[in-house]
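Each remark here refers to the structure printed beneath this line.
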Amino acid sequence: MEDLAGTGALDALVSAIAARDPGDLPLVLLGYVLTAAALWFLGGRKWALIYVALIPFVNWSFSWAPTVHLPGLEEFGFNPVTVVTGLVLVVRDFTQREMRHKVLIAMAMGVAWSFYYAPANIALASATAFAIAELIDWALFTFTRFRLSTRVMLSSLIAAPVDTTVFLIGAGALTFPNWLMSIIGKLFGAAVVSGVMRSRGE
């Protein structure tokens, strides 16, 4: 029984990594190594690795996560993944501290992996939304003199409504509950990180 359980766990791991075809495993693992090496060469460290992994993970999760209904508000259904999408923008700010303008290359890597792990419409919607959000975030990070904690919050306030709308339209999931919960998730995540950074004097 233990051998069967171990084999099942290994098969599940292979299926998760090589999502399209288990036969892709060697190429996918090679892609992981090359991606990590490229990020390291460009100055990315732990935040860059998390950022590039988080983009396809969120997009993949969005393709299968079930709709959640709040108790007593059955008509208020939303995709639970929208609540955690704010993590991507927050991690992106830490990644830019590691890589500066090269963070745009890291974003492109994450979006490229999304085309393997997520349906094409979600990957394309993600690419468009990320491009818009990244340009807003990059402009704030590059051209303003606000402290980092303020930039994180301002970036989310400006980018979240725009990129969320673009993404949900492209993914065919634009509903008011999805839109609202995504905005709340992004702003909550940004507020927490901004507060922590401000307490550290950043």
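Each reported figure results from applying straightforward, stated rules to the coordinates on display, with no laboratory input. Everything quoted here is computed from the prediction, not taken from an experiment. When we count neighbours, we look across all protein chains shown, and the Cβ atoms used for this are built from the backbone with ideal geometry, even at glycine.
Miscellaneous remarks
- Ascending count of other beta-carbon atoms within 10 Å, so fewest first, for Tyr116, Tyr51: Tyr116, Tyr51
- Extension gain (nm, one decimal) between Tyr32 and Val14, 0.36 nm per residue minus Cα-Cα: 5.1 nm
- For region 117-156, a Kirkwood radius taken over Cα pairs fed into Stokes-Einstein (37 °C, viscosity 0.692 mPa s) yields D = 292 µm²/s.
- Sequence-separation-based contact order of the chain, relative, with Cα cut under 8 Å and 6+ spacing, percent: 23
- Sorting the segments 153-159, 60-66 by their mean number of nearby beta carbons within 10 angstrom, highest to lowest, gives 153-159, 60-66.
- Cβ-derived FRET efficiency at R0 35 Å, Val68 paired with Arg147, nearest 0.05: 0.45
- The tail of the calculated P(r) for region 81-143, taken as Cα-Cα distances beyond 18 Å, holds 33 percent of the pairs.
- Ellipsoid fit via the Cα gyration tensor, region 45-199: semi-axes of 25, 19, 13 Å, each the root of five times an eigenvalue, largest first.
- Helical segments meeting 30 Å axial Cα length and Kyte-Doolittle -0.5 threshold in the chain (DSSP H): 120-143, 148-170, 176-199
- Each of Tyr116 and Ile169 was given a label point 7 Å from its Cα along the Cα-to-Cβ line. The distance between the two points is 3.1 nm.
- GNM top mover of Leu25, Leu180, Leu104 - the chain, alpha-carbon springs below 10 Å: Leu25
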